[in-house]
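The structure under discussion appears below in the form of structure tokens.
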Amino acid sequence: MWLYDSDGKTLVSASYDTIVLWEVGTEKFTEIETPVNLQCVAIHPYGSLLASGQTEGVFLWHAMTGEEIARLEGHVHKVTCLAFSPDGKILASGGGTTDHKVILWNITTTEVITTLTGHTEAVRCVAFSPDGNTLVSGSWDGTALVWNIADFQK
């Protein structure tokens with residue numbers, strides 16, 4: 001998988017157990033070794049933080065040093081998709097084949113804001129609206145669910 005940070009200066013690639021941050025236009029890169037079975041990666045809107053979804057949960061990484069910052073536990077099995085809210089305050093994670101839920105995480109405290117249920121199969125994608133007020137989740141069950149994020153803000 002590949003993705004750019006918001007300013008286009010860093011390209012992120014990921015494989016089975018490694019995340020690589022490539023500095024665009026140079027030969028510089030940072031390599032982050034993760035637990036095996038890496039499923040997905042998301043980069044914080046301000047580029048300072050990465051999230052990875054794996055069988056062991058959600059991991060937060062310092063984007064410059066590759067240091068593990070936190071491990072977020074709440075899914076029963078692998079995490080299949082991730083998305084940061086546009087303001088970077090919330091991370092949404094989707095669960096796999098034995099865990100059909102979406103969890104919203106407070107990035108500052110690393111605590112669960114809420115758990116969203118409604119899918120009957122693996123959650124395959126999550127995406128925030130540009131204003132951050134809405135989250136859409138899609139599943140292998142053929143459904144797309146729309147969530148009003150303001151309902152869960154404290």
Selected residue [under 11 Å from the mean Cα position of the chain (by Cα), at pLDDT 95 or above, open to solvent by 10 Å² or more (accessible area, probe 1.4 Å) and not aliphatic (A, V, I, L, M)] from Phe128, Phe84: Phe84
Of residues in segment 101-117 being open to solvent by less than 60 Å² (accessible area, probe 1.4 Å) and not aliphatic (A, V, I, L, M), the one nearest to the chain's Cα centre (by Cα): Trp105
Where Arg71 falls short, out of the listed (1) of a type outside the set (Val, Ile, Thr); (2) more than 23 Å from Thr108 (Cα to Cα); (3) modelled with pLDDT of 90 or more: (2)
Unique residue being without any contact (Cβ under 8 Å) to a residue 60 or more places away in the chain, open to solvent by less than 10 Å² (accessible area, probe 1.4 Å), more than 23 Å from Asn37 (Cα to Cα) and not polar (S, T, N, Q) when the list is Leu72, Leu145, Leu91, Leu135: Leu135
Among (1) farther than 17 Å from Thr108 by Cβ; (2) assigned to a strand (DSSP E or B); (3) in contact with a Lys or Arg (Cβ under 9 Å, 6 or more places away or on another chain), the one test that Val58 misses: (1)
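The values are calculated or read from the model by the stated rules, or taken from the named source; none is laboratory data. Predicted, not measured: the structure shown is a model, and the values here were computed from it. All Cβ positions, glycine included, derive from the backbone under ideal geometry; neighbour counts span all protein chains shown. With ligands, DNA and RNA removed, areas are computed over all heavy atoms of the protein, side chains included. Shrake-Rupley method; radii C 1.70, N 1.55, O 1.52, S 1.80 Å.
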